[in-house]
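Heads up, the thing below is written out as structure tokens.
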Amino acid sequence: MERRPASVGRNPHELYYLRIQRSRDMMERGKIEELCQDSKRRLRVCVATCNRADYSKLAPIMFGLKSHAEEFELEVVVLGSHLIDDYGNTFRMIEQDDFDIGSKLHTIVRGEDEAAMVESVGLALVKLPDVLQRLCPDVLVVHGDRFDALALATAAALMNIRILHVEGGEVSGTIDDSIRHAISKLAHYHACCTRSSEQHLIAMCEDHSRILLAGCPSYDKLLSAHYRDDYMDIIRSWLGDKVQEHDYIVALQHPVTTDIQNSIKIYGLMLDALLSFNKRTLILFPNIDAGSKEMVRVMRKKGIEQHPNFRAVKHVPFEQFIQLVSHAGCMIGNSSCGVREAGAFGTPVINLGTRQTGRETGENVLHVRDADTQNKVYHALELQFGKRYPCSKIYGDGNAVPRILKFLRAIDLDEPLQKTFCFPPVKDSFSQDIDHILETQSALAVDLGGTNLRVAIVCMQGKIVKKYTEPNPKTYEDRIQLILKICAAAMRDSVRLNCRILGVGVSTGGRVNPQEGVVLHSTQLIQEWSSVDLRTPLSDALHLPVWIDNDGNCAALAEKKFGHGKGVENFVAVITGTGIGGGIIHHNELIHGNNFCAAELGHIMVSLDGPECTCGSRGCIEAYASGMALQREAKRLNDEDLLKAEGMNMKILEPITAAHLITAARQGNTKAEAVLNTASTALGVGIVNILHMVNPSLVILSGVLASYYQAPVQSVISQRALFSAQCIKVVSSDLEEPALLGAASMVLDYATRRTY
């Protein structure tokens, strides 16, 4: 019997479904063949960029992927403000870099307010599924903390696409933190920039094996492109032929979405200060966040775009922006570029407001968090403009991209897609949490006194882990050598004690320039200690950042971090020891003064013809109330055989000190009582003068005489101060080592960021 073809006698519907089935079978066979060749298959990586800022970080990765086309298949998705004319149509620079853009998604809902940001996220979530389904990437690379990136991560996570998050784990102090951490929780892999951000991700229970400490990808480009012969041509193309290197300003300020009105106010104050400062300025338009429209309106109202000193631009290519920032006299605003990239060049930066609070920064950044007056911003410009700082590589060493490519090669597409979180074990009272990590972060504190040189390892909680004491040498050379010797021993011990040393803080007598790390003028007790650059030899030998201030200011910082001043916005700390000193905290800032002579409290004059002071003047508080002054009076009374009380044998064999005077007074010696009453009154009157000048809410007495002076000084305030100041409380410090703790607080608070 002759066999018929299978199709003979079948109706059209059956034939249609038969063809469909055969097509499916062929597709399945193709997939099997593809799996057999999996070892040769390229990893399909989709890089999504939303704006000019994230492209500067993602472009080096994209170039790296493109240069290894045999291993990676690159897809590029562009969305967000890249496609908006008001923000420079920056997608064109991606095309100029010779990248094929696979998809352009218009996702921005105009309005530049909070509602528009939410609507933009929603619009992106509507459009992204079709694109991601068509591209079908193995890995989606997203960057940072923008609302557009949150939409990308959300869509990819729900579509079971692996996510690599670049620059997660960082802290900047605004809503960006919440968005950034949300993306990190959605992401499967992390390429972070600093050791601290790596620790933050681990603390967020991310799998350590999926975290790469890569460094910032933009550093790969900026470190290699920094030195160009044509940099002045680039600068003059933007700012004119007459501009000189280090004699212009780059300004870039963005809105803070959690405090829009205040950020607009700060923007206006910045523009007013720049107008008054009268330097050539390149100002970039703000980003597309809520509040940007109002900021542009403020700029135009002040005529910035027409002003001869200003050049207002929407976008500068990253390679040219590097040259502009690296050779600027100063950068001002709140852009992350100021606290990140500018540090690599040592460019002075003024960070305004709270947008970058918590960012790790180099020494080049001066924070003006409470930028509430034009004068404050102008003063910051005076302090920073034209300076050069040591180059900082906190955020990278120029090798981020090779590390990221190696990390991508190691991704196993066969491993389960579901994320696992590494929760710390919880045992009764031994939790391995972030507090334990913080306790191991420590500082080397150095206290240079008239008699002794002391060094201590101080942990984050203010506990002195170990202390070293030696007599203070009489010469500069011997003193420096001893400091280095003790610090080196302390650093060796810190390893055994599980303490990570963040830096060195130095407390010393005399007048100090903390910005330059120089002792300007010393006290008479420390010889060969004037015009001394203390920071350079210590930093060079120990390879650590070094902070320096005088002992009075350090006492105030100790109280602010660990003592009665914690959480107090305005207070005065007064040291009552061998001399009289102190520090003033005003609006949470330590006051140094124009020539670093502020808060020389011991040299407030309370009498026109009083006893001679060590400073050469007469009638200073220190000449009445210091330990030296009381010792002088005790010796005088003893020489006149008046340092005794009824029924008391005062045949004193040891050297006479202030303690003998206090003992005699407590046992009824009227002469000793009179001396101490005069001393207490002088100190009290001096403090009343301070209250009338800076109006603090608290006075803290520290030092060996603090407990004795507390009640008399409080009494003088209640009798002699203005009525509104009589209620100010005087307390005695509970800190045993204020100088060491204050020196340590400079490191623990400012090792990665400066605030004064």
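The values are calculated or read from the model by the stated rules, or taken from the named source; none is laboratory data. Small disclaimer: the values here were computed from a predicted structure and weren't measured. Using ideal geometry, Cβ is built from the backbone for each residue, glycine included, and neighbour counts are taken over all protein chains shown. SASA here: full protein model, heavy atoms, side chains in, ligands and nucleic acids out. Shrake-Rupley method; radii C 1.70, N 1.55, O 1.52, S 1.80 Å.
Thr107 meets each of the listed conditions (1) touching a helix residue (DSSP H, G or I) at 6+ places or on another chain (Cβ under 9 Å); (2) open to solvent by 10 Å² or more (accessible area, probe 1.4 Å); (3) without any contact (Cβ under 8 Å) to a residue 60 or more places away in the chain; (4) more than 23 Å from Phe318 (Cα to Cα) apart from (2). Residues in the stretch 173-206 that are free of Cβ contacts under 8 Å to residues at least 60 places away in the same chain, within 15 Å of Ile163 (Cβ to Cβ) and of a type in the set (Gly, Ala, Ser) were compared, and the one that is most open to solvent (accessible area, probe 1.4 Å) is Ala182.
Being touching an Asp or Glu at 6+ places or on another chain (Cβ under 6 Å) and part of a loop (DSSP other than H, G, I, E, B) is the filter; apply it to the stretch 255-268 and report the residue that is most open to solvent (accessible area, probe 1.4 Å).
Thr257
Among the residues of the stretch 391-405, just one is closer than 20 Å to Ile332 by Cβ and surrounded by fewer than 17 Cβ atoms within 10 Å (Cβ to Cβ), namely Cys391.
Matching residues to (1) of a type outside the set (Lys, Arg); (2) assigned to a loop (DSSP other than H, G, I, E, B); (3) within 20 Å of Asp176 (Cβ to Cβ); (4) at pLDDT 95 or above:
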residue	(1), (2), (3), (4)
Gly102	yes, no, no, no
Thr107	yes, yes, yes, no
Glu112	yes, yes, yes, no
Glu119	yes, no, yes, no
Leu125	yes, no, yes, yes
Leu132	yes, no, no, yes
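Sort out which residues of the stretch 457-474 are on the phi < 0 side of the Ramachandran plot and within 24 Å of the chain's Cα centre (by Cα), and write them in order of number. Ile457, Val458, Cys459, Met460, Gln461, Lys463, listed by residue number. Counting the residues of the stretch 601-616 that are open to solvent by 20 Å² or more (accessible area, probe 1.4 Å), in contact with a helix residue (DSSP H, G or I) (Cβ under 8 Å, 6 or more places away or on another chain) and assigned to a loop (DSSP other than H, G, I, E, B) gives 6.
Taking the stretch 298-390 and the strands (runs of 3 or more DSSP E) fully enclosed by it, no element has 2 or more residues that are at pLDDT below 95 and farther than 22 Å from Asp247 by Cα. Does the stretch 224-244 hold any residues that are open to solvent by 50 Å² or more (accessible area, probe 1.4 Å) and modelled with pLDDT under 90, and which are they? Passing the criteria: Ser224, Tyr227, Arg228, Asp229, Asp230. Whether a residue is under 23 Å from Phe147 (Cα atoms), of a type in the set (Val, Ile, Thr), at pLDDT below 95 and within 19 Å of the chain's Cα centre (by Cα) was assessed, and Ile260 does not pass this test. The single condition among (1) within 25 Å of Val519 (Cα to Cα); (2) open to solvent by less than 60 Å² (accessible area, probe 1.4 Å); (3) in contact with a Gly (Cβ under 9 Å, 6 or more places away or on another chain) that Gly593 does not satisfy is (3). Under the condition of being in contact with a strand residue (DSSP E or B) (Cβ under 6 Å, 6 or more places away or on another chain), farther than 24 Å from Leu383 by Cβ and assigned to a helix (DSSP H, G or I), the residues counted in the stretch 556-596 number 1.
Residues Asp540, Asp533: which one is among the charged types (D, E, K, R), modelled with pLDDT under 95 and out of contact with any strand residue (DSSP E or B) (no Cβ under 9 Å at 6 or more places or on another chain)? The match here is Asp540. You will find that of Val730, Val685, Val713, the residue that is touching a helix residue (DSSP H, G or I) at 6+ places or on another chain (Cβ under 8 Å), under 17 Å from Val572 (Cα atoms), open to solvent by 20 Å² or more (accessible area, probe 1.4 Å) and not in a loop (DSSP other than H, G, I, E, B) is Val685 and no other. For the stretch 160-208, the set of residues classified as modelled with pLDDT of 95 or more and β-branched (Val, Ile, Thr) consists of Ile161, Ile163, Val166, Ile183, listed by residue number.
Restricting the stretch 119-150 to residues that are touching a residue at least 12 places away in the same chain (Cβ under 8 Å) and among the β-branched types (Val, Ile, Thr), which is farthest from Cys193 (Cα to Cα)? Selected residue: Val131.
Scan the stretch 135-162 for residues that are out of contact with any Lys or Arg (no Cβ under 9 Å at 6 or more places or on another chain), part of a strand (DSSP E or B) and surrounded by 24 or more Cβ atoms within 10 Å (Cβ to Cβ) and the total you get is 2. I want to confirm something. Restricting to the stretch 296-353 and keeping residues that are among the charged types (D, E, K, R) and open to solvent by 30 Å² or more (accessible area, probe 1.4 Å), which single residue is nearest to Asp233 (Cα to Cα)? If we take residues in the stretch 296-353 being among the charged types (D, E, K, R) and open to solvent by 30 Å² or more (accessible area, probe 1.4 Å), then Glu319 is nearest to Asp233 (Cα to Cα).
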